[in-house]
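One structure is given below, encoded as structure tokens.
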Amino acid sequence: MKLKNLLSLMALGAVTLASAQGAYDYSRLQREPLGRGVVAVRENPSTVMVSWRYLSSDPENQAFDVYRNGKKVNSKPITEGSFFKDKNTSDSQAVYTVKPAKGDRAGEFTLPAKAPCGYINIDLDRPDLGVDPNGREYFYNANDASIGDVDGDGEYEIILKWDPTNSHDNAHDGWTGPTLFDCYKLDGTRLWRIDMGDNIRSGAHYTQFMVYDLDGDGCAEIVMKTADGTMDGQGKVIGDRRADFRNLKGRIIAGPEYLTVFNGKTGEAMATVDYVPQRGQLKDWGDSYANRSERYLAAIAYLDGIHPSVVMCRGYYARTVLAAFDWDGKELKNRWTFDSNDPGCGAYAGQGNHNLRVADVDGDGCDEIIYGQMTVDNDGKGLYSTGMYHGDALHLVSDVDNEKYYVWGCHENRKDGTSLRDARTGKVVFQFPSDKDIGRCMVADIDPNHKGVELWSPNTEGVRAFDGSLISPQSEFIGETKASVPVNMAVWWDGDLLRELLDRNEISKYNWENGNCDTLMTMEGCTWNNGTKANPCLQGDIVGDWREEVLMRTDDNQNLRLYVTTIPTEYRFHTFLEDPVYRVSIANQNVAYNQPTGTGFYFGPDLKKGSKFRGTTIK
């Protein structure tokens, strides 16, 4: 089965694709110009796998040719996919070029001599050891990452967060070293380093970094909360370089708070404004010791249906504030602010999550912010609140017919367990209550025998079909190990239309016959981030065809490895990066407790000729 041009429906020029779940006008939507995304990795010492992007600007029957060092290596035009296996036995450096038969958007990738099998190696410039005010040493681990085309060449750079080993969860006292950010090209060239300084505490909840082309100039910016002492990529300090607002417990409960937009190519601070909201009275956020006042989230969203905005957020256990900003290349302006303390907004207090989702859930062509158990409309007004309070994980999913969005989330209140709700109205479709804190849940299409995606969490008794029925009880034991399915991350990897599961440094495939997971690949020599969250630095469709890559750090933090699938696929789809819901899910992935990417449409084995995509029939 070859489902051609499914994703071409997302970019039909002047056509507005409307349905109950969304109405983006793709002819007006400001999006980044994408290059061909050519990548080459060795499958083994004698074979190189070459992959590239199939773009919405390509004709339906676009053919491609692949060249190695200027010589064409395919015997006939490639029309069935964007993937080619080259029997290259040489260890010498090879330059692979992919050219379309029509159009001029070619691309190339240089495969280095002695290239490793299965991944691109990126050398890192690991920061030096540091010493805290008590004389204790700390060092740095490569942590979360994001992508953006910072120099306008059509290909992505990596923006990497360095996390000191003395970073802390907000609930804990203690000194931390400063958080650092680097920008790397895929060949390991470092463009700049930003030092957040002593007045930004280090930990998963403090610095959410948004990387996106906000002003439409073809180059991505970086937006982050800053403070006195933050040093940009050119060595210039924001505010007072001598200021130190850390108290004796290492917490920061005083001092100015800023929001800064940095130039993606140079790291230069281009504009700095006051952060919205300021901390004010700590107790308004839920406690008096700067735990809940320092819980931050952030997002990229198309609030006007055309331009991307950055949404900076504070609080989710009690008072909750979201502030949207626009960057036009000169000024950083506040578009709107939503505050649960405002009159009539009390039901929105305490509903936040450790992550968020963004999509047009009400069909008006503009994005809403799904902020845990509440949703804020594109105009900054509350859309609804379920009243189920805080949770740790959150997923957005579409039904098979792409008529509605749904939210699958888990809850910490030892009552509501896990629930599926209508993303537009907040109405609960079904629920699995629990008297325990449910900290994880997952959704992915992993079983072809049941319609749509599957859902599961620790309290669902196993994997559930989209209608809530139990399809794989997790009660039997295999040897001494209880059968289980990972709940942390997911990835499209092996070339079929099902999704694979990503946990720690392993990619696995769900076996629907026995309810277990079979390991497809172990990323040896690599480790994961953020403790039990066990997430990579980043996962998503970064280079190559429609499938996703996994960016991991090595055990010694000296390198990043961008793992690229070497498994052939019979399918050709336009890159997921051209779907705005998917693209902003990459931008928002680094926020607090990382969640996997998600498309703005159903994608899985139930896609067939005659099925609908956003109200349009696939032919």
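The values are calculated or read from the model by the stated rules, or taken from the named source; none is laboratory data. This one's a predicted model, so the numbers in the text were calculated from it and none came from an experiment. Here the Cβ is made from the backbone with ideal geometry for all residues, glycine too, and neighbour counts use every protein chain on show. These accessible areas exclude ligands, DNA and RNA; they are computed on the full protein's heavy atoms, side chains included. Shrake-Rupley method; radii C 1.70, N 1.55, O 1.52, S 1.80 Å.
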Legend entry - Subset of the stretch 149-189 that is part of a loop (DSSP other than H, G, I, E, B) and aliphatic (A, V, I, L, M) - its residue that is least open to solvent (accessible area, probe 1.4 Å): Val150
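Considering every residue within the stretch 513-528, establish whether at least one is surrounded by 21 or more Cβ atoms within 10 Å (Cβ to Cβ), on the phi > 0 side of the Ramachandran plot and modelled with pLDDT of 95 or more. Explain how you work it out, then say what you get.
Of the stretch 513-528, the ones surrounded by 21 or more Cβ atoms within 10 Å (Cβ to Cβ) are 526, 528.
Within this subset, residues satisfying the condition of being on the phi > 0 side of the Ramachandran plot are none.
So far as the stretch 513-528 goes, no, none of its residues is surrounded by 21 or more Cβ atoms within 10 Å (Cβ to Cβ), on the phi > 0 side of the Ramachandran plot and modelled with pLDDT of 95 or more.
Yes/no matrix, rows are residues, columns are (1) assigned to a loop (DSSP other than H, G, I, E, B); (2) more than 28 Å from His354 (Cβ to Cβ); (3) of a type in the set (D, E, K, R); (4) out of contact with any Ser or Thr (no Cβ under 6 Å at 6 or more places or on another chain):
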{"position": "Ile507", "(1), (2), (3), (4)": "no, no, no, yes"}
{"position": "Glu524", "(1), (2), (3), (4)": "yes, yes, yes, yes"}
{"position": "Gly544", "(1), (2), (3), (4)": "yes, yes, no, no"}
{"position": "Asn590", "(1), (2), (3), (4)": "yes, no, no, no"}
{"position": "Gln595", "(1), (2), (3), (4)": "yes, no, no, yes"}
{"position": "Gly598", "(1), (2), (3), (4)": "yes, no, no, no"}
Inset, instruction - Kindly indicate whether Pro486 is loosely packed, with under 14 Cβ neighbours inside 10 Å and in contact (Cβ under 8 Å) with a residue 24 or more places away in the chain. - result: no
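Condition test on Lys415, is it among the basic types (Lys, Arg) and farther than 17 Å from Ala324 by Cβ?
So Lys415 passes the test.
If we keep just the residues of the stretch 489-512 that are more than 22 Å from the chain's Cα centre (by Cα) and surrounded by 17 or more Cβ atoms within 10 Å (Cβ to Cβ), which is modelled with the lowest pLDDT?
By that ranking, first place goes to Trp512.
Can you pull out the residues in the stretch 273-308 that are of a type in the set (S, T, N, Q), in contact with a Leu (Cβ under 7 Å, 6 or more places away or on another chain) and crowded, with 17+ Cβ neighbours inside 10 Å?
Keep residues of the stretch 273-308 that are of a type in the set (S, T, N, Q), which gives 278, 281, 288, 291, 293.
Imposing the further condition that a residue be in contact with a Leu (Cβ under 7 Å, 6 or more places away or on another chain) reduces the set to 288, 293.
Ser293 - this is the single residue of the stretch 273-308 that is of a type in the set (S, T, N, Q), in contact with a Leu (Cβ under 7 Å, 6 or more places away or on another chain) and crowded, with 17+ Cβ neighbours inside 10 Å.
Within the stretch 338-350, can one find any residue that is assigned to a strand (DSSP E or B), at pLDDT 95 or above and of a type outside the set (Lys, Arg)? Write out each step before concluding.
Residues of the stretch 338-350 assigned to a strand (DSSP E or B): 338-339.
Add one more test, that the residue is at pLDDT 95 or above, and what stays is 338-339.
Then keep just the ones that are of a type outside the set (Lys, Arg); that gives 338-339.
So far as the stretch 338-350 goes, yes, one or more of its residues are assigned to a strand (DSSP E or B), at pLDDT 95 or above and of a type outside the set (Lys, Arg).
State all residues of the stretch 374-389 that are assigned to a loop (DSSP other than H, G, I, E, B) and either surrounded by fewer than 23 Cβ atoms within 10 Å (Cβ to Cβ) or among the acidic types (Asp, Glu) (or both); if no residue qualifies, say none.
From the stretch 374-389, those assigned to a loop (DSSP other than H, G, I, E, B) are 377-381, 386-389; that's our starting set.
Answer for the stretch 374-389, where residues must be assigned to a loop (DSSP other than H, G, I, E, B) and either surrounded by fewer than 23 Cβ atoms within 10 Å (Cβ to Cβ) or among the acidic types (Asp, Glu) (or both): Asp377, Asp379, Gly380, Lys381, Thr386, Gly387, Tyr389.
In this structure, is Ala40 assigned to a loop (DSSP other than H, G, I, E, B), under 24 Å from Leu562 (Cβ atoms) and hydrophobic (A, V, I, L, M, F, W, C)? So that I can check it myself, show each step before the final result.
Working: assigned to a loop (DSSP other than H, G, I, E, B): no; under 24 Å from Leu562 (Cβ atoms): yes; hydrophobic (A, V, I, L, M, F, W, C): yes.
So Ala40 does not fit the description; no.
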Legend entry - Condition broken by Thr575, with the remaining ones in (1) open to solvent by less than 10 Å² (accessible area, probe 1.4 Å); (2) free of Cβ contacts under 8 Å to residues at least 40 places away in the same chain; (3) among the polar types (S, T, N, Q) satisfied: (2)
Inset, instruction - Within the stretch 302-319, work out how many residues are over 24 Å from Met388 (Cα atoms) and not in a strand (DSSP E or B). - result: 7
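Yes or no, residue by residue, for (1) in contact with a helix residue (DSSP H, G or I) (Cβ under 8 Å, 6 or more places away or on another chain); (2) in contact (Cβ under 8 Å) with a residue 60 or more places away in the chain; (3) crowded, with 23+ Cβ neighbours inside 10 Å:
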| site | (1), (2), (3) |
| --- | --- |
| Leu191 | no, yes, no |
| Asp195 | no, no, no |
| Asp213 | no, yes, no |
| Met224 | no, no, yes |
| Arg241 | no, no, no |
| Asn247 | no, no, no |
| Gly264 | no, yes, yes |
Legend entry - Filtered residues of the stretch 106-129 (kept if of a type in the set (A, V, I, L, M), out of contact with any Pro (no Cβ under 8 Å at 6 or more places or on another chain) and part of a loop (DSSP other than H, G, I, E, B)): Ala113, Ala115, Leu124, Leu129
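Test of understanding: among Asp437, Asp494, which residue is assigned to a loop (DSSP other than H, G, I, E, B), over 30 Å from Ser82 (Cα atoms) and either in contact (Cβ under 8 Å) with a residue 24 or more places away in the chain or not β-branched (Val, Ile, Thr) (or both)? Even if it seems obvious, please write down each step before you answer.
Details: Asp494 fails: over 30 Å from Ser82 (Cα atoms).
Going through Asp437, Asp494 in turn, just one is assigned to a loop (DSSP other than H, G, I, E, B), over 30 Å from Ser82 (Cα atoms) and either in contact (Cβ under 8 Å) with a residue 24 or more places away in the chain or not β-branched (Val, Ile, Thr) (or both): Asp437.
Would you be able to say whether some residue in the stretch 386-404 is of a type outside the set (Gly, Ala, Ser) and without any contact (Cβ under 8 Å) to a residue 24 or more places away in the chain? First the steps, then the outcome.
Of all residues in the stretch 386-404, those of a type outside the set (Gly, Ala, Ser) come to 386, 388-390, 392, 394-397, 399-404.
Next, only the ones that are without any contact (Cβ under 8 Å) to a residue 24 or more places away in the chain stay: none.
Within the stretch 386-404, not a single residue is of a type outside the set (Gly, Ala, Ser) and without any contact (Cβ under 8 Å) to a residue 24 or more places away in the chain.
Only one of Ala299, Ala254, Ala243 is within 29 Å of Ser340 (Cβ to Cβ), at pLDDT 95 or above, in a loop (DSSP other than H, G, I, E, B) and not charged (D, E, K, R); which? Even if it seems obvious, please write down each step before you answer.
On the way: Ala299 fails: in a loop (DSSP other than H, G, I, E, B); Ala243 fails: within 29 Å of Ser340 (Cβ to Cβ).
None of the other options fit; the residue is Ala254.
Go through the stretch 266-284 and count every residue that is part of a loop (DSSP other than H, G, I, E, B) and in contact with a helix residue (DSSP H, G or I) (Cβ under 9 Å, 6 or more places away or on another chain). Full working, then the answer.
Step one: list which residues in the stretch 266-284 are part of a loop (DSSP other than H, G, I, E, B), which gives 266-268, 275-281.
With in contact with a helix residue (DSSP H, G or I) (Cβ under 9 Å, 6 or more places away or on another chain) added as a condition, the list becomes 279-281.
Of the residues in that region, 3 qualify.
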Inset, instruction - Examine the stretch 199-215 for a residue that is in contact with a Lys or Arg (Cβ under 9 Å, 6 or more places away or on another chain) and part of a helix (DSSP H, G or I), and state whether such a residue exists. - result: no
Inset, instruction - Could you tell me whether the stretch 169-176 includes any residue that is within 19 Å of Thr230 (Cα to Cα) and out of contact with any Ser or Thr (no Cβ under 7 Å at 6 or more places or on another chain)? - result: yes
